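Below you'll find the structure, written out as structure tokens, and then a few comments.
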Amino acid sequence: MKKIVLFVAAALSFSFANAQSGPRIGLKAGVTYSNLSGDLENEDLYKNKFGFVGGLTANFDLSGDGFLSLQPELLYSQKGYQYSDEKFTVGGTDYKIKGDVNYSYLDLPVLLRVNAGGLFFEAGPQLSYLLSVKDNSEFKVNDESYESTERYNKDDFSELEIGYAAGVGYQLNNGLSLGVRYNGGISSLAKEDEDELTNARHSVVMATIGFTFPRK
């Protein structure tokens, strides 16, 4: 968490040093559509899932005319995957799993934004802190069915995720905006080398609606 605080402080210091005026504060919320990417042995087991994203935004004008700005955000986001509802066999035993695994994160993207009229393009790095991991699943082993809700120990996962974000959107003069963004992870999801998720990264598409408050 200390690293996150330092990262936030550095990003905001850079913003204040380069901004032509004070920031415009905003809110945003929307949906995520996520899965895992990377070198996975059982890739067919993981399917896309929906989740929630929402939080605070701040936009700093860097060029003086609004064309170029810096936008740090602090977002709560749900990532993860849904189990494929398919049967597979391991060591002569038949398995069938359905449900999903939800990873809750605190995301800090720091995006350089180009504003062309109402249309905007944005891209930049993102640092994410893992809050919790929850598995909601129903599985069948041969002819026996089981239901399970389990919170995984965060110590088995990388608490800090380094990634990137890029997107496009449109903002109206009244402050309302619509945006679509892709988030990709760079760092490994799991810590242990023998874990299949060591080679996994989050892959997330998000669609949001936002509102930026006018400057006083």
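The values are calculated or read from the model by the stated rules, or taken from the named source; none is laboratory data. None of the values given here were measured: they were computed from a predicted structure. Because the Cβ atoms are built from the backbone with ideal geometry, glycine has one as well, and the counts that use them run over all protein chains shown. Calculation scope for accessible area: heavy atoms of the full protein, side chains included, ligands and nucleic acids excluded. Shrake-Rupley method; radii C 1.70, N 1.55, O 1.52, S 1.80 Å.
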Worksheet item: Going by the structure shown, is Leu112 open to solvent by 10 Å² or more (accessible area, probe 1.4 Å), at pLDDT 90 or above and touching a helix residue (DSSP H, G or I) at 6+ places or on another chain (Cβ under 6 Å)?
Response: no
Discussion item. All but one of (1) farther than 16 Å from Gly167 by Cα; (2) within 21 Å of the chain's Cα centre (by Cα); (3) acidic (Asp, Glu) hold for Glu122; state the number of the condition that does not hold.
Written reply: (1)
Item to complete: Take the residues in the range 49-65 that are over 13 Å from the mean Cα position of the chain (by Cα) and surrounded by fewer than 15 Cβ atoms within 10 Å (Cβ to Cβ), then tell me which one is modelled with the highest pLDDT.
Response: Leu56
Worksheet item: Hey, Leu36 hits all of (1) hydrophobic (A, V, I, L, M, F, W, C); (2) over 30 Å from Asn173 (Cα atoms); (3) open to solvent by 40 Å² or more (accessible area, probe 1.4 Å) but one; which does it fall short on?
Response: (3)
Worksheet, complete the sentence: Only unsatisfied item for Gly26, checking (1) of a type outside the set (Asp, Glu); (2) farther than 22 Å from Tyr105 by Cβ; (3) open to solvent by less than 20 Å² (accessible area, probe 1.4 Å), is (2)
Worksheet item: Taking the range 25-61, which residues are charged (D, E, K, R) and assigned to a strand (DSSP E or B)?
Response: Lys28, Lys47, Lys49, Asp61
Worksheet item: How many residues are modelled with pLDDT under 95, open to solvent by 50 Å² or more (accessible area, probe 1.4 Å), in a strand (DSSP E or B) and not aliphatic (A, V, I, L, M) when one looks only at the range 117-169?
Response: 12
Worksheet, complete the sentence: Residue hits (the range 96-108; more than 15 Å from Asn48 (Cα to Cα) and either modelled with pLDDT of 90 or more or surrounded by 19 or more Cβ atoms within 10 Å (Cβ to Cβ) (or both)) are Ser104, Tyr105, Leu106, Asp107, Leu108
Fill in: The listed residue being among the polar types (S, T, N, Q), exposed (fewer than 15 other Cβ atoms within 10 Å of the Cβ) and in contact (Cβ under 8 Å) with a residue 40 or more places away in the chain, out of Thr93, Thr89
Thr93
Fill in: Pairs where the first residue, in the range 39-67, is over 14 Å from Tyr81 (Cβ atoms) and the second is among the small types (Gly, Ala, Ser) and in a helix (DSSP H, G or I), C-beta under 6 Å, 6+ apart
Phe60/Ser15
Fill in: Selection from the range 178-207 of residues that are open to solvent by less than 20 Å² (accessible area, probe 1.4 Å) and in a strand (DSSP E or B)
Gly179, Arg181, Asn183, Gly184, Gly185, Ala190, Ala200, His202, Val204, Met206
